[in-house]
Amino acid sequence: METRGFLTRGFLRTGQAAQLLGCSRQHVVDLCDEGKLAFQSTGVHRRIRREDVEGYRYAGASEPRREDLRSLWLNRAIAGKLVRNPDRVLGLGRRNLERFRKLHARGSALRWLDEWDEIIAQGPEAVMRVLVSDTPHARDLRQNSPFPGVLSEHERQDVLGAFRRHWARRPA
Amino acid sequence: MNRDQLERIVRAACRITGEPELLVIGSQAILGSFSEEELPAEAIRSIEADLAAFDDPDDLKADQIDRGIGEDSQFHATFGVYGQGVSVSTAVLPAGWRDRLVRLDTDSGAGLCLEKHDLVLSKLARGDTRDYEYASSLVRNRLVETEILANRLERLPVGALKREEISVWLRKK
């Protein structure tokens with residue numbers, strides 16, 4: 001991964017993220033390793049999106065929206081499929097991306113498709129991080145997901161039904 | 001997303017819910033006011049459209065939309081776009097917004113899209129990085145007027161700090 005591309009695309013070094021969060025660089029590294037902060041790797045260094053650092057900073061300030069949590073549930077189910085058969089899931093993602101490029105010839109949806117291309121090329125771990133992370137950037141990526149068709153319709157309806165029951169039981 | 005794609009989503013959502021009209025909120029509502037050729041790329045950035053039924057206290061209709069044409073559905077797989085069922089209360093909007101909705105007719109029902117200034121104010125009320133980018137792109141391309149935004153800000157139900165933050169942002173534009 002080209003470092004310059006990261007720095008010019010709103011990515012921060014761990015030291016910069018630490019300044020923003022008011023903590024040590026080691027703490028930022030720990031947050032990355034614990035999966036609490038999404039990052040991309042240049043091989044040696046971690047690079048973190050500014051949006052995700054800001055999202056972490058303000059985490060807990062407000063309740064997640066119902067539709068965001070519902071989407072997260074669907075993507076956790078897709079993650080379950082990914083760990084069982086990564087080749088199938090990533091292959092389907094690539095094929096969907098190829099089709100979707102023709103459907104979205106204009107608009108910044110293409111930016112999301114390009115980014116998904118990069119993430120899928122990094123392999124199942126990178127895809128997993130996006131599918132289950134609660135950062136703002138991961139939510140944006142999931143909204144533009146290339147994984148329709150991974151879940152069968154029956155599985156998808158099961159997840160949506162389970163989510164509806166879960167949401168109804170939340171304390172008022 | 002383009003206007004044809006939004007119409008396809010609205011048509012399908014009206015059929016699924018049996019509603020003659022559905023509210024279109026979120027970024028894609030701008031397609032009610034402008035065609036995609038008139039809009040900057042940042043304004044048509046998503047493949048999903050948020051739709052809400054006006055009378056849906058238990059989110060039943062929102063869930064119907066999601067089940068039928070939502071994320072990861074066959075509709076999504078086929079058309080590369082999808083509808084997301086949400087609540088009318090999802091957006092913070094200035095008083096009088098219902099009187100300013102912009103109608104997008106299909107042969108199965110209508111999408112009532114947020115008026116462009118109401119849409120921008122709802123984004124500013126939410127106020128994350130992406131929302132400010134969206135609002136900036138419309139202001140920069142003179143598709144909304146800062147004077148109207150500033151006047152309507154007074155009727156936006158937000159706290160004093162948020163109102164001041166938005167006001168400062170508008171003054172810089």
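The values are calculated or read from the model by the stated rules, or taken from the named source; none is laboratory data. These numbers come from a predicted model, not from an experiment. When we count neighbours, we look across all protein chains shown, and the Cβ atoms used for this are built from the backbone with ideal geometry, even at glycine. Just the protein is used for accessible areas: all its heavy atoms, side chains included, with ligands, DNA and RNA removed. Shrake-Rupley method; radii C 1.70, N 1.55, O 1.52, S 1.80 Å.
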Scanning the range A:114-138 for residues that are touching a Pro at 6+ places or on another chain (Cβ under 7 Å) and open to solvent by less than 10 Å² (accessible area, probe 1.4 Å) gives A:TRP116
Number of the exception - A:LYS102 against (1) in contact with a helix residue (DSSP H, G or I) (Cβ under 8 Å, 6 or more places away or on another chain); (2) more than 8 Å from chain B (Cβ to nearest Cβ); (3) assigned to a helix (DSSP H, G or I); (4) open to solvent by 30 Å² or more (accessible area, probe 1.4 Å): (1)
Sole miss for B:GLU37 among (1) open to solvent by 30 Å² or more (accessible area, probe 1.4 Å); (2) within 15 Å of the chain's Cα centre (by Cα) is condition (2)
Just to be sure, is B:ALA29 surrounded by 18 or more Cβ atoms within 10 Å (Cβ to Cβ), assigned to a helix (DSSP H, G or I) and at the interface with chain A (Cβ under 9 Å from one of its Cβ atoms)? no
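Can you go through B:LEU121, B:LEU170, B:LEU153 and tell me which one is surrounded by 15 or more Cβ atoms within 10 Å (Cβ to Cβ) and out of contact with any Pro (no Cβ under 8 Å at 6 or more places or on another chain)?
Being surrounded by 15 or more Cβ atoms within 10 Å (Cβ to Cβ) and out of contact with any Pro (no Cβ under 8 Å at 6 or more places or on another chain) holds for just one of B:LEU121, B:LEU170, B:LEU153, which is B:LEU170.
Quickly run through the range A:144-172 and pick out the residues that are basic (Lys, Arg) and either in contact with a Ser or Thr (Cβ under 8 Å, 6 or more places away or on another chain) or within 13 Å of chain B (Cβ to nearest Cβ) (or both).
Taking the range A:144-172 as the starting set, the residues that turn out to be basic (Lys, Arg) are A:156, A:164-165, A:169-170.
A:ARG156, A:ARG164, A:ARG165, A:ARG170, listed by residue number.
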Filter the range A:25-48 down to the residues that are in contact with a strand residue (DSSP E or B) (Cβ under 6 Å, 6 or more places away or on another chain) and not in a loop (DSSP other than H, G, I, E, B) and list them by number. A:CYS32, A:GLN40, A:ARG47, A:ILE48
Please count how many residues of the range B:57-99 are open to solvent by less than 30 Å² (accessible area, probe 1.4 Å), at the interface with chain A (Cβ under 8 Å from one of its Cβ atoms), of a type in the set (Gly, Ala, Ser) and within 14 Å of the chain's Cα centre (by Cα). 1
For the range A:125-143, pairs from a residue that is away from chain B (no Cβ under 11 Å) to a residue that is outside any helix (DSSP H, G or I) and open to solvent by less than 10 Å² (accessible area, probe 1.4 Å), with Cβ under 8 Å and 6 or more apart or across chains, are A:THR135/A:LEU37
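Kindly indicate whether A:SER133 is of a type in the set (S, T, N, Q) and under 14 Å from A:PHE39 (Cα atoms). Please lay out each step first, then the result.
Values: of a type in the set (S, T, N, Q): yes; under 14 Å from A:PHE39 (Cα atoms): yes.
Yes; evaluated as a whole, the condition is true for this residue.
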Picked from the range A:62-88 (must be within 11 Å of another protein chain (Cβ to nearest Cβ) and outside any helix (DSSP H, G or I)), the residue modelled with the lowest pLDDT is A:SER62
Among (1) in contact (Cβ under 8 Å) with a residue 40 or more places away in the chain; (2) outside any helix (DSSP H, G or I), which single condition is B:PHE54 missing? (1)
